[in-house]
Amino acid sequence: MENLYAGLEMLARWDVVLALFVGSIGGVIIGAIPGVGPAVAIAILLPATFSLDPIVGLTMLLGIYGSSMYGGAIPAILINTPGTAVNALTSYDGYPMTQKGEGHRALSLAYSASFWGGIFGIGCLILLSPVLALIAPMFGSREIFLAALLGIILVVLAHRGQIFAAGVLAMFGIFLQTVGLDAVTYTQRYTFGYSFLSSGINLIVVVLGLFALSQAFFLLTAPDNVPDAKSVQGKMTSGIKELMKHKRVATVASAFGVVLGMIPGTGEFTAQFMSYTYAQKTSKNPELFGKGSPEGLIASEAANNAVPAAAMIPLLALGIPGEALTAMMLSVFYVHNVIPGPQLFQNNIDLVYGLYFALILLNVIVMIFLLFSTNLLTKIIRVPTRFLGVMILILSFVGVYSLRNSLTDCMISAAFGVLGLILKRLNLPIVPIILGMVLGGIMEIKLRSAMPRLKTPFDMIDRPISFILFAIIVLVLAVHLRTLIKEYRAQQGPEDHDLHDSQTR
Amino acid sequence: MSRVKTLQSLFKRYRRPGDIVFAWLILIFSIFMLLQIGDQTAYKSGGKLFAQPRFWPAVSLGLMTVFAAFHLLGSALSERIEGRWREVLSWLAAFEYAGWFIAYAASVPYGGYLPTTVLFAVALSLRAGYRSVRMLSAAILSSIVIVVLFKAVLKVNLPSGLIYETLPDGLRQFMLTYF
């Protein structure tokens, strides 16, 4: 209880409240503009937050993360262009509703479902935290190593149909983090005699290149386009009533979001697809799905908004990020010497509670903001895409250059920007590189510190948690092989080349 | 023939034009890096295998090469999609903007953050095809807002330009601190 108050107290500061407002409202706007997603925004703002207090910086980034998907629903529904990649499924049912003249109904339903999902996710996070505080200390070096390994395996396997590409990129990420001076033996690794490579390749430089610069290049090299959303009429609160008729779908979808959000490497996409399929299978009107079904809309929006809170679970409890955005947030923790992981719950529990409250508040702020300003947002999103590219380029410079005023960093970042553009155009995933870098670093450190206690390889899995993790790894691989064999025998028809059309936002 | 068919179906993937070019490039890159492993990493005799500085580069590059080889195999066995070289040209087009970015970054320490940013925003907007007064003034205004927000308000660590040194005393200090 005392800690709860301490957490609340942390938020009762003008700079934290300001960060929360800026983050959540800025997040909605960024989410609503097709062409910039939360990843671009967080990557750009990351270095700027290093000079702020951890709670201020984190609430701002968390605000962007948690609220962007609310905003992303607006263009998904009104102009069939998802504002953020995770709103892709929202457009399946949202846009047909707009075509039928039900744009207002679709939007208010999307907001209500998002709010439901968001609050459900936070509820689970709060309920789970006593359990987390209990389990987290049982995670030693080998458990964290295995959990990170599981994360890498899952992020590769989650890209179905692109597993080899995801594998190449994840391994590339692991390789990137090994470049530089080895911290234990002080030997050079892949520096080719260049002094600028001795300190390694900075994660933030890579992130800014892969997410922000690549997006700028993408927008600048593509034909100019102005998203044109029409304004909507009516009261936005009506969706809450309609949502109450579909409580079951909303709750199950949120639960999918929570479970898959917790598992590293899976995230919003899988959660959405699973809850959408569930909603369709259990619906009384399955034929309406894809043609304007309110249940489909609810399933996708509730699922993706439950993820941010759940994604904080492995990050806070184990220090293992499950996707790109939490990987970026991890660096904010590191800069302030707050190391997420088992000790966080013992030493900085007030920070943890502070973040929980911030999450609740941001959902409320965003909901209220959207109830009154949806039509304003439809005007704001009419930014021409090439102009957006120019702005992203200028903003990326602040991000890269403010790190350590290095032109070399800018060049490295530009190179990663070109790589990111190629990946985006080929529709290959970027996230495995980032997770490879972060989880690769964790694996190397944890395996080294576990070494002295290991006599035989079996010592690696002779503790309950490590054994469970090992069993999950084996199970995941086995299940994957089984589906491969099954699919191979079933001999499916032509595949959808655009199934993963998710990298361009 | 039937065996070739089944092999094809096993490796058939979602892909876009130009995929095979990328597959070749990444395979060549990983093989090249793997060949450098003896020169570029050290092996401490007597140390445990897992704690060797060479261990993680070897694992990551080894697996990367394997995955890249399969990726290429998959690409080669999938149906050819037209437009490969047009796609590669569009990758090369991105280098132009990478050049713009680096030129911008290189000139800020000389030209000062505010003047360089405004100039860059206008020049790049012109390059992007905007000619209207409305868009160009939007570019100027946005770049000023960005400078004020990051340099004056958030006090982000950015260099002050050499050009400011030529300004009269009072103004110089002001510009050096805030813009």
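The values are calculated or read from the model by the stated rules, or taken from the named source; none is laboratory data. Not measured: the values here are computed from a predicted model. Positions of Cβ are generated from backbone atoms using ideal geometry, with glycine treated the same way; all protein chains shown enter the neighbour counts.
Computed quantities for the displayed model
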{"item": "Hey, A:Ser195 at pLDDT below 90 and away from every other protein chain (no Cβ under 13 Å) or not", "result": "yes"}
{"item": "Conditions (1) within 15 Å of the chain's Cα centre (by Cα); (2) assigned to a helix (DSSP H, G or I); (3) modelled with pLDDT under 85; number of the one not met by A:Tyr65", "result": "(3)"}
{"item": "Contacts under 9 angstrom Cβ, first residue in the stretch A:386-402 being more than 7 Å from chain B (Cβ to nearest Cβ), partner among the acidic types (Asp, Glu), 6 or more apart", "result": "A:Val400/A:Asp409"}
{"item": "Enumeration of residues in the stretch B:2-51 that are modelled with pLDDT under 85 and either at the interface with chain A (Cβ under 7 Å from one of its Cβ atoms) or on the phi > 0 side of the Ramachandran plot (or both)", "result": "B:Ser9, B:Leu10, B:Lys12, B:Arg13, B:Tyr14, B:Arg15, B:Arg16, B:Lys44, B:Gly46, B:Lys48, B:Phe50, B:Ala51"}
{"item": "Complete set of residues in the stretch A:48-64 that are within 13 Å of chain B (Cβ to nearest Cβ) and either among the hydroxyl-bearing types (Ser, Thr, Tyr) or buried (at least 23 other Cβ atoms within 10 Å of the Cβ) (or both)", "result": "A:Thr49, A:Ser51, A:Gly57, A:Met60"}
{"item": "Qualifying helices (runs of 4 or more DSSP H) (wholly inside the stretch B:60-179; at least 2 residues being within 7 Å of chain A (Cβ to nearest Cβ) and closer than 22 Å to A:Val390 by Cα)", "result": "B:84-111, B:113-127, B:133-147"}
{"item": "Scope the stretch A:249-292; condition among the charged types (D, E, K, R) and crowded, with 21+ Cβ neighbours inside 10 Å; matching residues", "result": "A:Glu268"}
{"item": "Within the stretch A:30-62, tally of residues that are among the β-branched types (Val, Ile, Thr), closer than 23 Å to A:Phe217 by Cβ and within 17 Å of the chain's Cα centre (by Cα)", "result": "5"}
{"item": "Selection within the stretch A:420-438 - more than 14 Å from A:Gly167 (Cα to Cα) and hydrophobic (A, V, I, L, M, F, W, C)", "result": "A:Leu421, A:Ile422, A:Leu426, A:Val438"}
{"item": "Hey, A:Leu475 modelled with pLDDT of 90 or more, surrounded by 10 or more Cβ atoms within 10 Å (Cβ to Cβ), in contact with a Leu (Cβ under 9 Å, 6 or more places away or on another chain) and not charged (D, E, K, R) or not", "result": "no"}
